Amino acid sequence: MNKILIFLEHNVGKLKRVSYELITAGRTLAKSKNIPFDGVIFNSTNETIETAKEYGLSKVLHINSSSFEKYSVSLFAKAISNLIQRNGYDFILFPANSRGSELAPRVAASLEASFIADCVGFDYSDGELIVIKPVYAGKAHIKAKMYGTVKICSLRPNVFTAIPEPVQEVVVENFGPNIDASATKEVVIDTLKNEGKLDVLEADIIVSGGRGIKGPENYYLIEQLANIFNGAVGASRAVVDAGWRPHSEQVGQTGKTVSPTLYVACGISGAIQHLAGMSTSKYILAINKDKDAPIFKVADYGVVGDLFNVIPKLIEKVKAVKE
Amino acid sequence: MNILVCISRVPDTATKIIVGADGKSIDDKGVKFIINPYDEFALEEGLRLKEKFGGKVVTITVGSDASKEAIRSALAMGADSAVLVKTEGYFDSFFVAKNIAEYAKEFNPDIIICGRQSVDFDSFQVPSMIAEFLDLPSVSVVSKLTIDGVKVIAERDVEGGKEVVETTLPCVVSAQKGLNEPRYPKLPDILKAKSKPIEERQPIPTELKVEIVGMEIPLRARKNKIVGDSDDEIAEIVRLLHEEAKII
Ligand SMILES: Cc1cc2nc3c(=O)[nH]c(=O)nc-3n(C[C@H](O)[C@H](O)[C@H](O)COP(=O)(O)OP(=O)(O)OC[C@H]3O[C@@H](n4cnc5c(N)ncnc54)[C@H](O)[C@@H]3O)c2cc1C
Ligand SMILES: Nc1ncnc2c1ncn2[C@@H]1O[C@H](COP(=O)(O)O)[C@@H](O)[C@H]1O
C-alpha cells in the first residue's frame, strides 16, 4: 500500500456523513503505513470540500466539468480509473451505498484490481492487510486477503465512526480526466424522492412495525414513535407483502440492510431474514407480547407487552425526557 | 432478443450457518441450496422480455456439478437452455464475471440480467464487472424496466427514493425485489426441464484476486435488559435509552 484514494460525495454544502467515515478509515490506514491519502469528488465547491479538513484530509482532486453534471456509472468509473492510473493510487475506498456499490466494481474490473464490497473492518496479519466483511446476510464474517497491485474496498455506512482530527488546509486540485466523455452510456434523467420521508438507509434511528401491528390503519403508532425520535419508519416483510407498507421500507435479507444507532422492532418476531438486515444496529429495542420471540435474543432493551399499550406510554415518557 | 440470465446457487436463506472444519467456509452438511432469490427476479424479467419481443432465454452459472439442481429449477421456470461453466474448489467474483463476459462475447446477448447480489457472499459486483469487461452500460438494483426498441428506461432504488436511468441495448441490469413476481413452475414444466440442454464449458483461468482466510460467527454482546409493560418498567427503559445509550 503506497497511496490511498477516497471517493467523496456531497449533499447540500457538506460532504455526506459516510464520506467523513471513509476519510477517518483512510486516515487510520494511511497513518499506520505512513503514506498519503487523498480524496476525489465530482462537481462540488471549495466550501464543501473545505469541510474535509476537520477530518484530516489535506488533498482533494476535484473533477469539475459539465460532462459530469448528470450521473452516469460507466462515465464516472472511467474518470476515477483514469485518476487512479495517472496518480498511482493503489488502495481505494468507496462507500457501500447506491453509488459506491456500482462504481467500485466497474473501476475494479477496468483496472483488473481486487475488490471487496461492504467491508466492516481491517486487520493486519504479518503486515498483510486483512479485510473483514459480513457474508450470509451477516450470519458470518469472513477475513479475506486481497492480491494484485491495486486494491479496492467499499465500506458499510455507519460502521466506521467519523472522528475529527483537523488539519490546516485542504488543497483542492482540479483534475481533468483523459477520457471520451461523449461516450456516456447510461445517464440518470430523473430522481423520484420519497416525498418528505426519511429513508431507513439514512436514518440514525429506525422504528419498524411487523405483523403485530395488525393492519395499516394502526401504523400511525409506528410513525408517531419514529417522529418523536426524528427517525425513519421501517417494516418487516410480512407487513410489506400484505401491502400495508411500500417495499422501500422493508428491512432484511430481501429489503434494506441498516445499521442505525437505535433500531426499534414493534410486533416483529425476529425471523433470521429480518435479523439479517438489522443485526449490526448499535442498540436494539424490541416490543413484543411474546416473551419467547427470537427478537429478544438480539435486543439490548425489550418490553414484553401489547404494543398498543406500550407504544403510547413509550411516546409519552420519551416526550417527558425531551422536555 | 437474446437474453442472458446469470444464476447462482446459494444456501436457503433460513440456513443456520456453521463454520466448517477448514475454518474458512461453511459446513454444508444438511444445507439446502436454492436459486439466489434475486436471480429469480432476473429470470422472470428475462422470460417476460422473451414473451414480449420473442427470442430466447439462456441462463449461465459458474459453479460445480452441484449447481445443476438450481439450473434445472431455472429451466423449469421457462429458460430455453443453460450454460454451466464448470469449476471445482474456490473461485472469486472476478473469475465469475470474466467467465460470464467470455461466454457473452460468443452469445451476443441484447441484455444480460443478474440479481442485485448473491445472498451467500453478498459480493455485490458481478453485474457491474461483466458490464465493464464488455464495455456495456449497466444499471444496478433495478425495480422497474421498460424497453422500447433499443431504448431502455430503468428505475433503480437509491437512498431516499429512485433514480430513473436512460440507456440503450445491449446492456447489463441487476434485479431488485419488486421488479416482478417470479412465477412458480408447474409439474409439466418441471418434467420438460429435464430434457432441456445444459451446455458444459471449461472456464478460462484468471488470477486469484480475493482469498478467504477465515470465517467466524460474529458475537455481539447485547445488554439484553428485558422488562414487563408496567409504567415503571417502561420508564426504566426510557431512562436507559437516555443515560446508557445516550439516544434521547
Ligand atoms: C427468501 C426469504 C427472504 C425474506 N426476506 C425478509 C426480509 O427482507 N425482511 C423480513 O422482515 N422478512 C423476510 N422474510 C420473512 C421472514 O421469514 C418472516 O416471515 C417475517 O420477517 C415475519 O414478519 P413479522 O415478524 O412481522 O411477522 P410474524 O413472524 O408473524 O411476527 C409477528 C410478531 O408480532 C407479535 N405480536 C402480535 N401481536 C402483538 C401485539 N399486539 N403487541 C406486540 N407484539 C405482537 C407476535 O408475538 C410475533 O412475534 C424472508 C423470508 C424468505 C423465505
Ligand atoms: N457463480 C455465479 N454464476 C452465475 N451468476 C452469478 C454467480 N455469482 C453471481 N452471479 C450473478 O451476479 C449477481 C450478483 O452477485 P454477486 O456480485 O456475487 O453479489 C447474482 O445475483 C447473479 O445473477
**Request:** Can you run the Rg to Rh ratio on segment B:1-76? Use alpha carbon positions and the Kirkwood inverse-distance Rh.
**Result:** 1.09
**Fill in**
At 37 °C in a medium of viscosity 0.692 mPa s, chain B has a Stokes-Einstein diffusion coefficient, with Rh taken as the Kirkwood radius over alpha carbon pairs, in µm² per second, of 163
**Fill in**
Rg/Rh of segment B:47-186 (Cα atoms, Kirkwood Rh), to two decimals, equals 0.94
**Prompt:** Any idea how far apart B:ASP135 and A:GLU69 come out in nm if each label point goes 7 Å out from Cα toward Cβ?
**Reply:** 2.7
**segment B:163-248: proportion of alpha-carbon pairs further apart than 18 angstrom, %** = 80
**Computed P(r) (all Cα pairs; segment A:1-120; 5 Å bins; percent)** = 2, 11, 23, 26, 23, 12, 3, 0
**Within chain B: Cβ-based charge dipole about Cα centre, in debye rounded to nearest 20 (Lys, Arg +1; Asp, Glu -1)** = 760
**Message:** What is the ratio of the Cα radius of gyration of segment B:33-99 to 2.2 N^0.38 Å, with N the residue count, to two decimals?
**Reply:** 1.15
**Prompt:** Roughly what percent of Cα-Cα pairs across segment B:122-218 reach past 24 Å?
**Reply:** 50
**Fill in**
For the table B:LYS151/B:LYS177; A:LYS214/A:LYS297; A:LYS70/A:LYS143; A:LYS143/A:LYS185, the rows whose alpha-carbon distance is greater than 26 Å are A:LYS70/A:LYS143; A:LYS143/A:LYS185
**Item:** Share of alpha-carbon pairs per 5 Å distance bin for segment B:69-140, given as whole %
**Value:** 3, 13, 23, 26, 24, 10, 1
**Request:** May I ask you to list the aspartates and glutamates whose Cα is less than 19 Å away from that of A:LYS3, ignoring any residue fewer than eight positions away on the same chain?
**Result:** A:GLU21, A:ASP38, A:ASP90, A:GLU112, A:ASP123, A:GLU128, A:GLU173
**Message:** Helix-only mean residue ellipticity at 222 nm, the protein assembly as shown, DSSP H runs n ≥ 4 weighted -39,500 (n - 2.57), per residue, nearest 500. What is it?
**Reply:** -8500 deg cm²/dmol
**Message:** I'd like to know which of A:CYS153, A:ASN97, A:VAL131 lies farthest towards the positive end of the charge dipole of segment A:78-164, counting +1 on Cβ of Lys and Arg and -1 on Cβ of Asp and Glu.
**Reply:** A:ASN97
**Fill in**
Compactness summary of segment A:182-273: radius of gyration and Dmax from Cα atoms, Å, are 14.8, 53
**Request:** About the Cα centre of the protein assembly as shown, how large is the charge dipole given +1 on each Lys and Arg Cβ and -1 on each Asp and Glu Cβ? Please answer in debye to the nearest 20.
**Result:** 620
**Fill in**
Net charge (Lys, Arg +1; Asp, Glu -1) of residues whose beta-carbon lies under 15 Å from that of A:MET1, A:MET1 excluded, is +1
**Request:** Please identify which residues in segment B:195-234 have an amide N closer than 19 Å to a label point set 7 Å out from the Cα of B:ASP65, following the Cα→Cβ vector.
**Result:** B:195-203
**Prompt:** Between B:VAL213 and B:LYS246, how many nm apart are label points set 7 Å from Cα along the C-beta direction?
**Reply:** 3.4
**Asked** Treating the beta-carbon of each Lys and Arg as +1 and of each Asp and Glu as -1, no other charges, what is the dipole magnitude of segment B:150-248 about its Cα centre, to the nearest 20 debye?
**Response** 720
**Prompt:** Cβ under 9 Å from A:GLU173's Cβ, A:GLU173 left aside: what net charge do those residues give with Lys, Arg +1 and Asp, Glu -1?
**Reply:** 0
**Asked** What's the local net charge at B:ALA193, with K and R +1, D and E -1, over the other residues with C-beta under 12 Å away?
**Response** +3
**Request:** Using label points projected 7 Å from each Cα along Cα→Cβ, tell me how many nm separate A:ASP123 and A:GLU169, to one decimal.
**Result:** 4.3
**Prompt:** Size of the protein assembly as shown along its principal axes in angstrom, Cα-based, largest extent first?
**Reply:** 70, 67, 50
**Request:** Name the residues whose placed amide hydrogens come within less than 5 Å of the amide hydrogen of B:VAL85, ignoring near sequence neighbours (fewer than 5 apart) on the same chain.
**Result:** B:THR61, B:VAL62, B:GLY63, B:ARG201
**Complete:** Output for chain A (equivalent-ellipsoid semi-axes, sqrt of 5λ from the C-alpha gyration tensor, Å, descending) is 39, 21, 19
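The numbers here are math on the coordinates, done by the rules we state, and not lab data. Just so it is clear, the structure is predicted and the values come from calculations on it, not from any experiment. Cβ sites come from the backbone with ideal geometry, for glycine too, and all protein chains shown count toward neighbours.
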